[in-house]
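The structure appears below as C-alpha cells.
The values are calculated or read from the model by the stated rules, or taken from the named source; none is laboratory data. Here the structure is a predicted model, which means the values were calculated and not measured. Here the Cβ is made from the backbone with ideal geometry for all residues, glycine too, and neighbour counts use every protein chain on show.
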Amino acid sequence: MTFSPDAVNGQPRQYHNQDQYLSLLAGLPAHLSLFSANKPPVSRLTLEQRLKALEPHHRHLLSEIEGILQWGYFSPEMTHEFNADGSLLPVEKIKAVLAAIEDHALQTLVRDKIDFRTLVGALRQRHQDVHNRPQGQWTVSRFKQNIENNWQEPCFRLEHAMPWLSEAKQFIDSDQPLALEKLLMKNAWLHLSRPLANHGFSFYAVVIYVLKWNIVERWSRYDGDLAVQRFDQLLQAGLSRGEAG
C-alpha cells in the first residue's frame with residue numbers, strides 16, 4: 001500500500017490500496033458485454049448513492065475525470081483561454097485534472113482516453129477543413145505534434161500504432177455516424193476491459209467501472225434512437241400500404 005504525503009483529517013491519503021473499495025465494487029452488478037446490454041446494469045441515481053462510499057478526495061477526482069472525458073472529442077478548434085466567469089476551458093482544465101491524479105496507472109488511463117478522443121476530433125476537423133492545420137495549445141495529447149506535422153496524411157501517419165484510425169476515417173468520409181460510434185465505443189470498451197493487474201478493488205477499479213457505465217449508457221441512448229427510427233419507418237410503411245389500399 002502506498003500513501004500520499006498529504007493528509008485528510010490527519011490521515012494519510014491512500015492511492016494504491018487494492019482492497020480499499022471491496023464492499024463498494026462487490027455491491028455493484030457486473031457489466032455485460034457492451035452491445036448486448038440495452039441499459040446500464042444500475043441506474044445513475046443508484047450508482048451515485050453507492051459512490052458516496054468513496055473518500056471525499058476520490059469522489060471529487062472521479063467527478064473531475066468524468067467531466068474532462070465527457071466534453072466530447074477534443075478538436076483543434078478548442079482554445080485554452082478562460083471563460084468570461086473565470087472558469088477554465090477544456091485544455092487548461094484537463095491539465096489541472098491530470099496534475100491532480102497522483103496514481104501513475106490512473107493518469108496513464110486518462111491520458112490514453114485523451115489521446116483517443118483527440119485523434120477522433122482531429123479526423124473530424126480535418127474532414128471539415130483540410131487546409132486549417134491546428135496550432136497553439138489545442139490539446140495535451142502525446143500525438144499533438146504528429147497530428148500537426150502530418151495534417152495532410154490520411155491517418156496522421158499513425159495507422160500502424162492505431163489500426164482503428166483507418167476504419168474511423170472511412171466512416172467519417174462516408175458519413176456513417178452510427179458505424180463510427182460503434183467502432184469508437186468498441187475500442188474504448190476493449191481498452192477499459194484489460195486485466196486490472198495489481199488494482200483489485202482500488203479507486204482505479206472504481207474509475208474503470210464508472211467509465212464503462214458511461215459507455216453503456218451512451219450506447220443505450222443510441223439504441224433507443226434507432227428503435228424509434230425503426231418504429232417510424234414501420235409506421236410510415238403501414239400508412240403507405242393503407243393509402244394504397
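Look at region 188-209: where a residue is assigned to a helix (DSSP H, G or I) and at pLDDT 90 or above and a partner is surrounded by 18 or more Cβ atoms within 10 Å (Cβ to Cβ) and among the acidic types (Asp, Glu), sitting 6+ places away or on another chain with Cβ atoms under 7 Å, you get TYR204/ASP103. Looking across region 37-52, the residues that are without any contact (Cβ under 8 Å) to a residue 40 or more places away in the chain and either of a type in the set (D, E, K, R) or crowded, with 17+ Cβ neighbours inside 10 Å (or both) come down to GLU48, ARG50, LYS52.
State yes or no: is LEU62 aliphatic (A, V, I, L, M), within 21 Å of GLU92 (Cα to Cα), touching a helix residue (DSSP H, G or I) at 6+ places or on another chain (Cβ under 9 Å) and surrounded by 12 or more Cβ atoms within 10 Å (Cβ to Cβ)? Give the steps one after another, and end with the answer.
Values: aliphatic (A, V, I, L, M): yes; within 21 Å of GLU92 (Cα to Cα): yes; touching a helix residue (DSSP H, G or I) at 6+ places or on another chain (Cβ under 9 Å): yes; surrounded by 12 or more Cβ atoms within 10 Å (Cβ to Cβ): yes.
In short, yes.
Considering region 147-168, the residues that are of a type outside the set (D, E, K, R) and farther than 23 Å from LYS186 by Cβ include one that is surrounded by the fewest Cβ atoms within 10 Å (Cβ to Cβ), namely GLN152.
Yes/no per residue for (1) at pLDDT below 80; (2) part of a loop (DSSP other than H, G, I, E, B); (3) surrounded by fewer than 13 Cβ atoms within 10 Å (Cβ to Cβ):
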position	(1), (2), (3)
ASP19	no, yes, yes
LEU25	no, no, no
PHE35	no, no, no
LEU54	no, yes, no
GLU66	no, no, no
TYR73	yes, yes, no
HIS80	yes, yes, no
LEU106	no, no, no
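Here ALA7 qualifies as surrounded by fewer than 16 Cβ atoms within 10 Å (Cβ to Cβ) and modelled with pLDDT under 85.
For region 147-156, residues that are touching a helix residue (DSSP H, G or I) at 6+ places or on another chain (Cβ under 7 Å) and assigned to a helix (DSSP H, G or I) total 1. Kindly establish whether GLN125 is surrounded by 13 or more Cβ atoms within 10 Å (Cβ to Cβ) and farther than 29 Å from HIS31 by Cβ. Criteria met by GLN125. Of all residues in region 115-146, those satisfying the criterion of being under 24 Å from LYS186 (Cβ atoms), part of a helix (DSSP H, G or I) and either without any contact (Cβ under 8 Å) to a residue 12 or more places away in the chain or under 18 Å from the mean Cα position of the chain (by Cα) (or both) are ASP115, PHE116, ARG117, THR118, LEU119, VAL120, GLY121, ALA122, LEU123, ARG124.
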